[in-house]
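A.B. asks: First, the structure itself, so that you have it in front of you.
Nothing in this text is a laboratory measurement; each read-out follows from the coordinates by a stated rule. The model shown is predicted, which means the values in this text are computed figures rather than measured ones. Cβ coordinates were reconstructed from backbone atoms using ideal geometry, including for glycine residues, and neighbour counts include every protein chain displayed.
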Amino acid sequence: MNCESCGAPVSRMGRSGRYFCDYCSRLAVATPLQNSEDGLVLTGTSSETSCLTCDDTHLEIGSLGTYPVLGCRHCQGVLLNRAAFAKLIRERRESYDGPERTGEFDPALDGPRDHHSRLTCPKCCLSMDSFFYAGPGRVAIDSCGRCENVWLDCGEIASITEAPGLR
């Protein structure tokens, strides 16, 4: 996303859900990607971090609600801090009032990655752990214990949010 006033790239500003132009100091509100199941908002401002699952794609600065993330416009995967992930899931589950949904799940396709296909943490360059999320939603997530980064594929946040169970 570029500034409507001067055209310069915008960056994340605090927890307000608004973005800030470093060049002319104008505030902007970004809108979610039209086809995003998780409500991913991307600014169009590329980061130095490559997408963990797409070849030759850089993650963009973005957000999920008021939580800053790096996201991929192509696969809609997101990289965020483990503490932010926990808070985001808690808030979304508490505020969700739609129908509970248990999505289709094939452990062979949707389960943890095996040791040959594990993702590499973009911060420390070590293999991320891939495991079934211990909460609701029957999803497998990727996490770096050292850097506390979490990678979520498209739709995994929605699956956790809409899953049956204690809210």
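A.B. asks: For Thr57, which sequence-distant residues (separation of 5 or more, or a different chain) have an amide H within less than 5 Å of its own amide H, given hydrogens modelled in the peptide plane?
C.D. replies: Excluding prolines and chain starts, which carry no amide H, the hits are Cys51.
A.B. asks: Tabulate in residue order the Karplus-calculated ³J(HN,Hα) for the range 56-63, using 6.51 cos²θ - 1.76 cosθ + 1.60 with θ = phi - 60°, rounded to whole Hz; enter x for Gly and Pro.
C.D. replies: 6, 10, 9, 6, 9, 5, x, 7
A.B. asks: Output the Kirkwood hydrodynamic radius of the range 32-82, Cα pairs only, in Å rounded to one decimal.
C.D. replies: Details: mean 1/r = 0.0939 Å⁻¹.
Every distinct Cα pair counted, the radius reaches 10.6 Å.
A.B. asks: Report relative contact order for the chain in percent, whole number only (criteria: Cα-Cα under 8 Å, sequence separation at least 6).
C.D. replies: Values: 328 pairs, mean separation 29.7, N = 167.
In percent, rounded to a whole number, it is 18.
A.B. asks: What net charge is computed for the residues neighbouring Leu42, neighbours being all others with C-beta under 10 Å from the C-beta of Leu42, Lys and Arg scored +1, Asp and Glu -1?
C.D. replies: 0
A.B. asks: Neighbour counts of other C-beta atoms within 10 Å: give me Tyr67, Tyr96 arranged from fewest to most.
C.D. replies: Ranked by crowding around the Cβ, least crowded first: Tyr96, Tyr67.
A.B. asks: For Rg/Rh (Cα atoms, Kirkwood Rh), the choices are (1) 0.98; (2) 0.95; (3) 1.06; which was calculated from the structure?
C.D. replies: (1)
A.B. asks: Explain nothing, just compute: Karplus ³J(HN,Hα) = 6.51 cos²θ - 1.76 cosθ + 1.60, θ = phi - 60°, for every residue of the range 88-93 in order, whole Hz, x for Gly and Pro.
C.D. replies: With coefficients 6.51, -1.76 and 1.60, one gets 4, 5, 4, 5, 5, 5 Hz.
A.B. asks: Next question. 222 nm [θ] for the chain, helices only, -39500 (n - 2.57) per DSSP H run of 4+, per residue, to 500? Please report the intermediate quantities before stating the final value.
C.D. replies: Values: 3 runs with 25 residues, N = 167.
About -4000 deg cm²/dmol.
A.B. asks: Further question on the same structure: Which cross-chain or sequence-distant (5 or more) residues have an amide H under 5 Å from the amide H of Val10, H modelled 1.01 Å from N in plane?
C.D. replies: Cys3
A.B. asks: Enumerate the amide H contacts of Cys154 below 5 Å, restricted to partners 5 or more residues apart or on another chain; note that Pro and chain-start residues carry no placed amide H.
C.D. replies: Gly77
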